[in-house]
Amino acid sequence: MKKRLKTYPNSWKLQTSKEIYDNPWLSLTEDEVINPGGGISHYGKIHFKNIAIGIIPLDENDNTWLVGQYRYVPDCYSWEIPMGGGPLNIDPLESAQRELKEETGLIAKHWEELMQLHTSNSVTNERGLVYVAKGLTEGETEFEETEDLKVIKLPLEEAVQRVMDGEITDAVSAAGLLKLGKIQ
């Protein structure tokens, strides 16, 4: 069994917190803090109102599916595992099942949580989950209005190599594919 890394107490002291922006998906607050060195710092914190949920569908031949789409915020085309936001008040597995069906048309009989992660813990408290979905049945996609997706099926080993080659840069996708590739 691996020994857990030691944790240390919080040395940051919150002085004030002010909401700057709020919409149905996120809010932005600005905190004034006393930092570990005793100085005053200002932090902008993004609070997501969903859990980032990624799914790696895996068939009996170790093939998986990737979803490609143009991402508005980074202004580039992105290949990713199927993923989406899961409302905080809904079981994340239920959200994962919905996202897999919407984006790929796949329905899975067997689900396993692969990992949890923080997507960018210097500016956000967003939590991510990655599931592996097996026992797949193909069906019709149900894209949302904002989705113009391309879906491809490829060997898991090739998807992992695309991460290593810098073709897949999405953090949730890269982390999940690399971990599954290591243990598969």
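The values are calculated or read from the model by the stated rules, or taken from the named source; none is laboratory data. Remember, it's a predicted structure, so these values are computed and weren't measured experimentally. For neighbour counting, all protein chains shown are included, and Cβ atoms are generated from backbone atoms with ideal geometry for every residue, glycine included.
Can you find even one residue in region 21-38 that is charged (D, E, K, R) and either under 17 Å from V172 (Cα atoms) or in a loop (DSSP other than H, G, I, E, B) (or both)? Looking for residues that are charged (D, E, K, R) and either under 17 Å from V172 (Cα atoms) or in a loop (DSSP other than H, G, I, E, B) (or both), one finds none in region 21-38, hence no.
Only one entry of I152, I183, I90 meets the criterion of being in contact (Cβ under 8 Å) with a residue 60 or more places away in the chain and among the β-branched types (V, I, T), and that entry is I152. For region 109-130, state whether one or more residues are within 13 Å of the chain's Cα centre (by Cα), modelled with pLDDT of 95 or more and β-branched (V, I, T). There is at least one residue in region 109-130 that is within 13 Å of the chain's Cα centre (by Cα), modelled with pLDDT of 95 or more and β-branched (V, I, T). Within region 113-140, the set of residues being surrounded by fewer than 16 Cβ atoms within 10 Å (Cβ to Cβ) and either among the β-branched types (V, I, T) or outside the structural domain of Y72 (by TED's automatic domain parsing) (or both) comprises V123, T137.
Taking the criterion of being surrounded by 10 or more Cβ atoms within 10 Å (Cβ to Cβ), farther than 24 Å from P92 by Cβ and among the hydrophobic types (A, V, I, L, M, F, W, C), the residues of region 1-27 that qualify are W12, L14, I20. Please find, within region 141-178, the residue that is surrounded by the fewest Cβ atoms within 10 Å (Cβ to Cβ) out of those that are at pLDDT 95 or above and among the hydroxyl-bearing types (S, T, Y). So the residue we want is T169.
In region 155-179, how many are of a type in the set (S, T, Y) and free of Cβ contacts under 8 Å to residues at least 12 places away in the same chain? So the answer is 0.
Does L177 meet the test of being in contact with a helix residue (DSSP H, G or I) (Cβ under 9 Å, 6 or more places away or on another chain), in a helix (DSSP H, G or I) and assigned by TED's automatic domain parsing to the domain that holds D59?
Yes.
Every condition in (1) touching a residue at least 60 places away in the same chain (Cβ under 8 Å); (2) more than 30 Å from D31 (Cα to Cα) holds for G128 except the one numbered (2).
Is it the case, given these coordinates, that G85 is surrounded by 12 or more Cβ atoms within 10 Å (Cβ to Cβ) and under 16 Å from G54 (Cβ atoms)? Taking the combined requirement at face value, the residue satisfies it.
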